[in-house]
Each structure stands twice: as structure tokens, then as C-alpha cells.
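Colleague: Before I ask anything, here is the structure I am working with.
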Amino acid sequence: MDHPAASNVDPTSNRPPRSRSAAEFERAKRVIPGGSMRQATWFAPHPPYAVRGEGCWVEDLDGRRVLDCANNFFSLVHGHAFPPVVEALRKVVGDGTAFGMPTRHETALAEAIRSRSPRCEQIRFCNSGTEAVMFAVKAARALTGRPAIAKFEGAYHGSYDSLEVSLGSDPSNWNGPHGDPAAVSYDRGTPAGVVADTVVLPYADPERCAAILEREAPRLAAIVLDPLASKIGMVPPPATTIEALRNARLRHGILLICDEVITFRLSYAGAHPLFDLKPDLIALGKIIGGGLPVGAVAGPADNMAIFDHTRGQPPVAFGGTFSANPLTMAAGLAALEAFDLQAVDRLGRIGETLRNRVNAAFAAAGETAQVTGMGSLFRLHLTDAPIRDYRSSYPDAKAKKALAAIHLAMLEAGILLTPNCSGALSTPMTAAEISLIADNLVEATISRRKEE
């Protein structure tokens, strides 16, 4: 696929009144609730439908070529149709796609992950990040004999009832007793007992965080932490908050689960070494599957023994029909082998270049906006106030409308972000793509402000 320059994009052709994508969306609505299989991929009036991808570019049904900064929600660290992954799949697909037996491929990928991160001493694979966090939580409850878990307000950890608590809280309901963040259900069907067994922590208030953990410690099995959660603003936790977690772990035996489904890409060994964390369990996904469905729970062997089924019924059953299928395992190994120290470093540097360039342009224009993030991850905020946590990053109705307009303007310019205007870079990107993203993001943001 040719890589188009910005001048080759005709905004007037991006969304014709009756495009093929529009027609496909109307067709899909007849058989699919909401017209697509994932809420996250939808935005008004309808998303473009992908046909093929190559490197950091995607082609849609209407023949448009789009620079992909969504990368299937940060799972494609090498972009689309990465040749080593394609070749790995070609070699194994003819031998069968799934078996009721283990294969050598699962051991090879587990060894590759352990070689990058010694804390991942043992690994069990599943099929999604949601499953990985779910199994880690089940393990923590079994290891401690306690029912409750703690999470940070606003953090997304997949589609699992306990961890969706407080995911969508807003100023009308986010204050709870004692001045703590409220435990607010996300879905109508979440049982009240599930909500009661989820303790919600403030990200940027370490003293309150420590007090909550001290009060709730007798019933807490684990604290779940994503150290750069997008919905919390894509900012790292304060060092004092991490210290509060560390103290609770040592003082009360509360386990620490690091959700690195997204953030494993931040360094060669994952996110936890960047913050001097020693998690008891680590949830993985996205980039370790090379673009195929994947999840994993990893950790020290003593903790991972909770899943050991060789001595009868294990304390926690861990299964899945397609877990560790050879296609995912081979694709994941090829992707990780190519995401070596040099590739990790380069992707982090161009991510820093992008954030610095955009923020400098906003400052020069007097624009009340900023981009946060680390490594290859970034997110736009329409405020120049410090982003510390979920509440400081929470967009009001006006900001949500503006972000939706910026997202659409970026798509019309030939660049795909996630609907909340966050993104991830991929290894095929060069300085040219970074310039394209930065220039258009600045232009779209400033233009939107002028229209208000």
C-alpha cells in the first residue's frame, strides 16, 4: 500500500452522503445491535469499514487510505500485516488452527515473555485482556481468602463486573461516604454485591488512598493498577500513591495486580519496572498476540501455582477453548522478537517527539489544550490545567462535543484516533508520519476552538 502525503487527502471525499461504509453500517444494523460488534469502534454518524491494512496505513471500503493511530486499540505495535507475523502464521496455519492438546508454540511465547521480565516467571494464556484481569482477580481472592478488590476511579480494566465499577462515574455521583470516591455500577445488570466488594481509590490523593486501604484492608484481596490508564488521563500515578500501595501490600498482605494489557509496550520489560513495582500478578494482552486475540496472567511461580491442575482440581480453574492456540502463539512470538530493545527505544523517542511538538505548538498559539502520555502512547485534553487523575481529565459536555469534532476532523484529514482522541504509535511510523499527526492534531484543535 502506498503511503499518501497529507496533500493527497481530499476532505470532501472522506464521507460522501451515501458511502459504501454508510451502506454497510445500515446493513449491519439489521443483524447486529448497534451495527457493530464493539461499542468502542463506533462514533457518529458511523465508522468507516476497514478492508485491508499495511504497516501504519488502513484502507476502507470507500478506498480512502488512513494513517492508523488506533492500532486496534493499541494492540498492533508493528501495525498491520507485519511481514514476520504474516510469515509465522503462514508456517503454522497449514498444520491446524487449534488442538485439544498443548503445542510447543505456547512454551516458546511464555519463555520469550519471561526473558523480557523476570517478574513474569510463569505465564498462563487466555484470549483477551478482560479474561487476563478476571483470572488474576480470581487468583488473588483464592490466594488471600478475601472477597474484595480495590481499583482506581475511572480506570478501565476490561468488561468484568467488579472492575467496571466507577468506570463511568461523573460529577453527579462520584462522591461517596467519608469523602471517598463512590463505587458506582457501570452496567444496569451489575449486582449490588459486586459493587459492594469493589473499593474505589483516588489516583492523585495518596493520603486518602492510604486511609481507604487501611480501613478496608481486612477484606481486600488485591489492588488493581494500570500505571498509565487512558481513562484516568494517561498520566502515571504520583510516587506517593505508589508508596501507599507498596505499604498496604507489605503491611496487610494485599496483593498488587498490574494491568499491563496496554502498558506492557512502555519498556522492553513492561511497565512495572518503570515504577519500581513488584506486582504479585500481571495481566497481559494486546501486543503479545501479534494482532490475534490474546491475554495472559503472569507472575512469580509461587503465586501462579494457584492455577496448577496437575495435582487434582486447582484452587482456581483456568481454561479456554482457544487459549494458547498456535496461531496466536506464533504471531505473538514473532511480534515480540521484533519489538526488541532498539525498537522499544525508538518508538518511545518518537512518541516523546510527538507529545513535545504538539504541546509546544499549543503553548505558542495560546491554546488551552495538552497531550499526555508516555512511550508510544498519547491522549489529547482540552484544558491546560494539570492532568492528575480521572476527575481532572474528565471532559464536560462542551469538551466531549469538541473532542468528537476533533476526532472527526482528524479522520477527514486521513488520521484515525480512538474516539476520545488518544492514540498509539507503531514501529512502521517515521518522522513523516509524526509530522502528519502533530500538524493535523494542532490544526484540528485550534480550528475547533475558533468555531466555538
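Colleague: Which is under 28 Å from Phe318 (Cα atoms) and either open to solvent by less than 40 Å² (accessible area, probe 1.4 Å) or in contact with a helix residue (DSSP H, G or I) (Cβ under 8 Å, 6 or more places away or on another chain) (or both), of Val184, Val194?
Modeller: None of the other options fit; the residue is Val194.
Colleague: Can I ask one more? Here are the criteria: (1) at pLDDT 95 or above; (2) open to solvent by 60 Å² or more (accessible area, probe 1.4 Å); (3) not aromatic (Phe, Trp, Tyr). Tell me which single one Val66 does not satisfy.
Modeller: Evaluating Val66 over (1) at pLDDT 95 or above; (2) open to solvent by 60 Å² or more (accessible area, probe 1.4 Å); (3) not aromatic (Phe, Trp, Tyr) leaves (2) as the failure.
Colleague: Now for a different question. Residues of segment 147-168 being in a loop (DSSP other than H, G, I, E, B) and in contact (Cβ under 8 Å) with a residue 24 or more places away in the chain, which ones?
Modeller: Passing the criteria: Pro147, Glu153, Gly154, Ala155, Tyr156, His157, Gly158, Ser159, Tyr160, Val165, Ser166, Leu167.
Colleague: Has segment 68-88 got any residue that is more than 20 Å from Leu284 (Cβ to Cβ), part of a helix (DSSP H, G or I) and β-branched (Val, Ile, Thr)?
Modeller: yes
Colleague: Does Pro4 qualify as being at pLDDT below 85, of a type outside the set (Asp, Glu), in a loop (DSSP other than H, G, I, E, B) and open to solvent by 20 Å² or more (accessible area, probe 1.4 Å)?
Modeller: It is true that Pro4 is at pLDDT below 85, of a type outside the set (Asp, Glu), in a loop (DSSP other than H, G, I, E, B) and open to solvent by 20 Å² or more (accessible area, probe 1.4 Å).
Colleague: Search segment 62-87 for residues that are within 17 Å of Gly373 (Cβ to Cβ) and pair each with any residue that is crowded, with 24+ Cβ neighbours inside 10 Å and modelled with pLDDT under 95 when their beta-carbon atoms are under 7 Å apart and the residues are at least 6 apart or on different chains.
Modeller: Short answer, once both residue conditions are applied: none.
Colleague: Any idea which of (1) in a helix (DSSP H, G or I); (2) touching a residue at least 40 places away in the same chain (Cβ under 8 Å) is the one Asn359 doesn't satisfy?
Modeller: Tallying (1) in a helix (DSSP H, G or I); (2) touching a residue at least 40 places away in the same chain (Cβ under 8 Å), Asn359 fails exactly one: (2).
Colleague: So how many residues does segment 24-62 have that are at pLDDT below 85, over 19 Å from Asn72 (Cβ atoms) and part of a helix (DSSP H, G or I)?
Modeller: Total satisfying the criteria: 1.
Colleague: Tally up the residues in segment 279-303 that are open to solvent by 40 Å² or more (accessible area, probe 1.4 Å), among the charged types (D, E, K, R) and in contact (Cβ under 8 Å) with a residue 24 or more places away in the chain, please.
Modeller: 1
Colleague: Moving to a separate point now. Kindly indicate the residue of segment 230-278 that is hydroxyl-bearing (Ser, Thr, Tyr), part of a helix (DSSP H, G or I) and open to solvent by 20 Å² or more (accessible area, probe 1.4 Å) and also nearest to Ala217 (Cα to Cα) among those meeting that condition.
Modeller: The selected residue is Thr240.
Colleague: Asp161: among the acidic types (Asp, Glu), closer than 20 Å to Ala217 by Cβ, in contact with a helix residue (DSSP H, G or I) (Cβ under 8 Å, 6 or more places away or on another chain) and open to solvent by 10 Å² or more (accessible area, probe 1.4 Å), yes or no?
Modeller: Against the criterion (among the acidic types (Asp, Glu), closer than 20 Å to Ala217 by Cβ, in contact with a helix residue (DSSP H, G or I) (Cβ under 8 Å, 6 or more places away or on another chain) and open to solvent by 10 Å² or more (accessible area, probe 1.4 Å)), Asp161 does not qualify.
Colleague: Find the residue count for segment 36-49, including only residues that are of a type in the set (A, V, I, L, M) and open to solvent by less than 80 Å² (accessible area, probe 1.4 Å).
Modeller: So the count comes out to 2.
Colleague: Determine if segment 82-95 includes at least one residue that is open to solvent by less than 60 Å² (accessible area, probe 1.4 Å) and under 22 Å from the mean Cα position of the chain (by Cα).
Modeller: yes
Colleague: Is there any pair linking a residue in segment 305-318 that is assigned to a loop (DSSP other than H, G, I, E, B) to one that is surrounded by 10 or more Cβ atoms within 10 Å (Cβ to Cβ) and basic (Lys, Arg), with Cβ under 8 Å and at least six apart or on different chains, and which?
Modeller: From segment 305-318, the pairs are Val316/Lys138; Phe318/Arg124.
Colleague: Here is a further query. Of the residues that sit in segment 382-432 and are at pLDDT 95 or above and in contact with a Phe, Trp or Tyr (Cβ under 6 Å, 6 or more places away or on another chain), which one is surrounded by the fewest Cβ atoms within 10 Å (Cβ to Cβ)?
Modeller: Of everything passing the filter in segment 382-432, Asp389 is surrounded by the fewest Cβ atoms within 10 Å (Cβ to Cβ).
Colleague: Then there's this: Restricting the search to segment 114-136, which residues are touching a Leu at 6+ places or on another chain (Cβ under 9 Å), surrounded by fewer than 24 Cβ atoms within 10 Å (Cβ to Cβ) and either of a type in the set (A, V, I, L, M, F, W, C) or without any contact (Cβ under 8 Å) to a residue 12 or more places away in the chain (or both)?
Modeller: Scanning segment 114-136 gives Ile123, Met134.
Colleague: Still on this structure, I have one more. In the set Val133, Val137, which member is modelled with pLDDT of 95 or more, closer than 30 Å to Asp197 by Cα and in contact with a His (Cβ under 6 Å, 6 or more places away or on another chain)?
Modeller: Step by step, each of Val133, Val137 is checked, and only Val133 is modelled with pLDDT of 95 or more, closer than 30 Å to Asp197 by Cα and in contact with a His (Cβ under 6 Å, 6 or more places away or on another chain).
Colleague: Between a first residue in segment 205-224 that is within 23 Å of Ala283 (Cβ to Cβ) and without any contact (Cβ under 8 Å) to a residue 24 or more places away in the chain and a second residue that is open to solvent by less than 70 Å² (accessible area, probe 1.4 Å) and acidic (Asp, Glu), which pairs have beta carbons less than 6 Å apart while being 6 or more apart in sequence or on different chains?
Modeller: Filtered contacts from segment 205-224: no entries.
Colleague: Okay, next question. May I ask you to list the residues in segment 96-105 that are touching a residue at least 60 places away in the same chain (Cβ under 8 Å) and open to solvent by 50 Å² or more (accessible area, probe 1.4 Å)?
Modeller: Matches in segment 96-105: Thr97, Phe99, Pro102, His105.
The values are calculated or read from the model by the stated rules, or taken from the named source; none is laboratory data. If you're wondering where the values come from, they're calculated on a predicted model, not measured in any experiment. Glycine gets a Cβ as well: all are built from the backbone with ideal geometry, and neighbour counts include every protein chain shown. Accessible surface areas use protein heavy atoms only, side chains included; no ligands, DNA or RNA. Shrake-Rupley method; radii C 1.70, N 1.55, O 1.52, S 1.80 Å.
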